[in-house]
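> Let me begin by handing over the structure; questions about it come next.
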């Protein structure tokens, strides 16, 4: 079996020694930068298992046993109506590992890491939140109202929501490829339109922080969902090309508006430097996630694994929050 769901002991030891770090969805050697494994969140991550881990991590490790008991009793479980299968020591090891590689802070992320397996309902809810934010933003910032509405940003968000539903239901169709092809095409359009709005924003002397957040969320959702559609069609090379284009777009945005320059132009906040730093970090995280697709495709091809099988394995796992694909020694 190429995929691992239990944390390999040698990974834990390397993390504790500071010799293994995470960059996007890649686990790499801190010294030479070589890829050790590819990291992928599972359906367990998306559907509650990671909520358990994040809540455990928020408290005092000494009272972890009590927290596990309380969470189990209150129904916060990896699967509804199912007892937690892991022992306390296994939960502690998992918690230590995800904290050690900086994944714990992704518990509330829109897409997590790697190729998104986040539940469609979560993403659709996030899109609806974006639409509300857009409506409020247009009311508050009059000069943006016509530009953002005539460019049909709301319709773009609705299109992304629709395609997410279609991708999620493709397994119920006899021939799902036409659905995936249409979804991939539409999501490509959404991403390009979001990127165009980002370029327009960064040319302004005053940049509303709410507008930047809306654009980044739109880019994140549409970009990751497009990669997922391509993986499900086993169009690995096209997924690689799409990831490269996403990296370029995000790199251009970072170069055009570094954190110090962004801080001087942000409006709608009293914490200019902090907001600018957070937005820049978000762009860097999105870029790292897209970059990780490139060696992942190469690794899947090296191991003669189908891209769709990689996703199916992650989506079937409902207990472990993480899936590992160890890199073969070249």
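> Given the structure, is residue 205 touching a residue at least 12 places away in the same chain (Cβ under 8 Å) and either surrounded by fewer than 24 Cβ atoms within 10 Å (Cβ to Cβ) or more than 15 Å from residue 311 (Cβ to Cβ) (or both)?
Considered against the rule, which asks whether it is touching a residue at least 12 places away in the same chain (Cβ under 8 Å) and either surrounded by fewer than 24 Cβ atoms within 10 Å (Cβ to Cβ) or more than 15 Å from residue 311 (Cβ to Cβ) (or both), residue 205 comes out as yes.
> Surrounded by fewer than 17 Cβ atoms within 10 Å (Cβ to Cβ) and within 19 Å of residue 275 (Cα to Cα): does that describe residue 177?
When the stated conditions are applied, residue 177 does not pass them.
> Hey, does segment 2-9 have a residue that's surrounded by 12 or more Cβ atoms within 10 Å (Cβ to Cβ) and at pLDDT below 55?
No, there is no match, as no residue in segment 2-9 is surrounded by 12 or more Cβ atoms within 10 Å (Cβ to Cβ) and at pLDDT below 55.
> Continuing with the same structure: Pick from 179, 247, 209: which is modelled with pLDDT under 90 and in the same structural domain as residue 129 (by TED's automatic domain parsing)?
Criteria check complete, one pass: 209.
> Kindly check whether there is at least one residue in segment 270-278 that is at pLDDT 90 or above and buried (at least 23 other Cβ atoms within 10 Å of the Cβ).
Yes, that holds for at least one residue.
> Go through segment 261-284 and report how many residues are over 24 Å from the mean Cα position of the chain (by Cα), touching a residue at least 60 places away in the same chain (Cβ under 8 Å) and part of a helix (DSSP H, G or I).
1
> Select, from 255, 221, the only residue that is farther than 23 Å from residue 164 by Cβ, out of contact with any strand residue (DSSP E or B) (no Cβ under 9 Å at 6 or more places or on another chain) and either assigned to a helix (DSSP H, G or I) or modelled with pLDDT of 95 or more (or both).
255
The values are calculated or read from the model by the stated rules, or taken from the named source; none is laboratory data. This is a predicted model, so every value here is computed, not measured. Every residue, glycine as well, gets a Cβ built from its backbone with ideal geometry; the counts of neighbours run over all protein chains shown.
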